[in-house]
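Take a look at the structure set out below.
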Amino acid sequence: MRVSNRGSSGKLLHIAFSVCILIILALFIGNIVLILMALSLNNSVCRQATEDAAHVYASGANRQDMQVAVFHAINKGSAGGFFISHPTLTELRFYTEIGSHKQMLLVRTTTSVRLPAPFLVFFAYPVEDGRLLLRSHCEITLNKRDT
């Protein structure tokens, strides 16, 4: 009587293929989760910095005090870590909107996220070392508080 090993090797190949697919899927989900966390962090830090500067402006402070408020809000935002870096200020601009003469404030922040599987990112080009650069910008109209 002869016993065939074809059935067991086929099962082993099927299991190995399934495990590879699961690993790729887990890495892809890890990429998505880290990107969403980094976007959320960057957007919240940008928004908080803009709101703090507008609050300082409303109390009658000058532009230097507003800059200090923006830097403080960004520095207290998050310590960063191995996968998600600390957000950095890339642009701080005070300007007057043409036509309406409204005072405006623009804050842009950038953070980078290190991806566990950068080769699975199809919609952007990772920067060096498998890091993806994420940018946020927030604008607000500045209003002085009437006293």
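Throughout, read-outs are computed from the coordinates displayed, never taken from laboratory work. All figures in this text were calculated on a predicted structure; none of them were measured in a lab. Don't worry about glycine lacking a Cβ; one is built from the backbone with ideal geometry, like all the others, and counts go over all protein chains shown.
Observations, loosely collected:
- Per-residue [θ]222 nm for the chain (sum of -39500 (n - 2.57) over DSSP H runs n ≥ 4, rounded to 500): -17000 deg cm²/dmol
- When +1 charges are put on Lys and Arg Cβ atoms and -1 charges on Asp and Glu Cβ atoms, the dipole computed for the stretch 7-142 relative to its Cα centre reaches about 240 debye.
- Remark: relative contact order (the stretch 7-142) = 26 percent; criterion is Cα-Cα distance under 8 angstrom and separation of 6 or more residues.
- Charge sum, other residues only, whose C-beta stays under 15 Å from Leu120's C-beta, Lys/Arg counted +1 and Asp/Glu -1: +2
- Fully extended contour minus Cα-Cα distance, from Val33 to Arg135, at 0.36 nm per residue: 35.0 nm
- Result for the chain in a Gaussian network model with C-alpha springs under 10 Å: among Ile84, Ile29, Ile21, the largest mean-square fluctuation is at Ile21.
- The chain: angle of helix 63-77 to the longest principal axis, Cα-based, in degrees nearest 10: 20 degrees
- For the chain, the longest site-free run once trypsin sites (Lys or Arg not before Pro) in DSSP loop states with at most 14 other Cβ atoms within 10 Å are removed: 3-101
- Residue among Ile15, Gly130, Cys46 farthest towards the positive dipole end of the chain, charges placed on Cβ: Ile15
- With Cα atoms, 0 to 90° folded angle of helix 6-58 axis to the chain main axis: 0 degrees
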